[in-house]
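This report concerns only the one structure given below.
Where a number appears in this text, it was derived from the coordinates with a stated rule and is not lab data. Everything quoted here is computed from the prediction, not taken from an experiment. Cβ sites come from the backbone with ideal geometry, for glycine too, and all protein chains shown count toward neighbours.
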Amino acid sequence: MRVTSEFFVSAFVRRLFGEGGFAAVSRRGAAEAGAIFICVDRLNGSFDFYGPAPQAMFSDLPQGRLFERIFEKADRETVDDRIESEARIDPDYWLVEVEARDGRIELPLAEEERPSPPGADFFKF
């Protein structure tokens with residue numbers, strides 16, 4: 001069973017503060033199942049942006065929330081444009097703003113399952 005969006009965000013922010021980091025919830029969405037987006041300010045004018053990983057990215061559905069990196073080292077305007085686009089699709093989203101100079105945050109990331117190219121199994125022994 002997946003935890004609620006509110007619980008996930010609360011635990012995520014609390015963990016960051018516990019590690020000496022800083023995070024702020026700049027938009028509160030639907031408590032039960034609102035999409036969660038994470039904007040990482042690298043404090044140099046660039047931002048990383050994470051969002052929910054599409055369920056089509058994996059064959060076995062995960063038990064918890066998985067994220068994908070949407071942008072890396074983007075400018076704020078690019079991130080804001082994406083946030084506006086997401087808001088038009090689903091206005092019940094959450095936005096968590098994080099400061100991390102090195103851009104490193106611990107998030108459960110989905111890894112794409114990429115099909116092997118045709119004939120790739122020919123070389124397996």
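Laid out as a table, the results:
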read-out	value
Built amide H within the under 5 Å cut-off of TRP94, gap 5+	GLY29, ALA35, ILE36, PHE37
DSSP beta bridges in region 21-111 [antiparallel fraction, %, rounded to 5]	65
Karplus (6.51, -1.76, 1.60) ³J(HN,Hα), θ = phi - 60°, over region 21-30, in Hz, Gly and Pro reported as x	x, 10, 8, 9, 8, 9, 8, 9, x, 5
Burial ordering of LEU95, LEU16, fewest other beta-carbon atoms within 10 Å first	LEU16, LEU95
Per-selection metrics, region 21-111 (Cα): Rg and Dmax in Å	13.0, 38
Net charge, PHE7 excluded, C-beta distance under 15 Å - Lys, Arg +1, Asp, Glu -1	+3
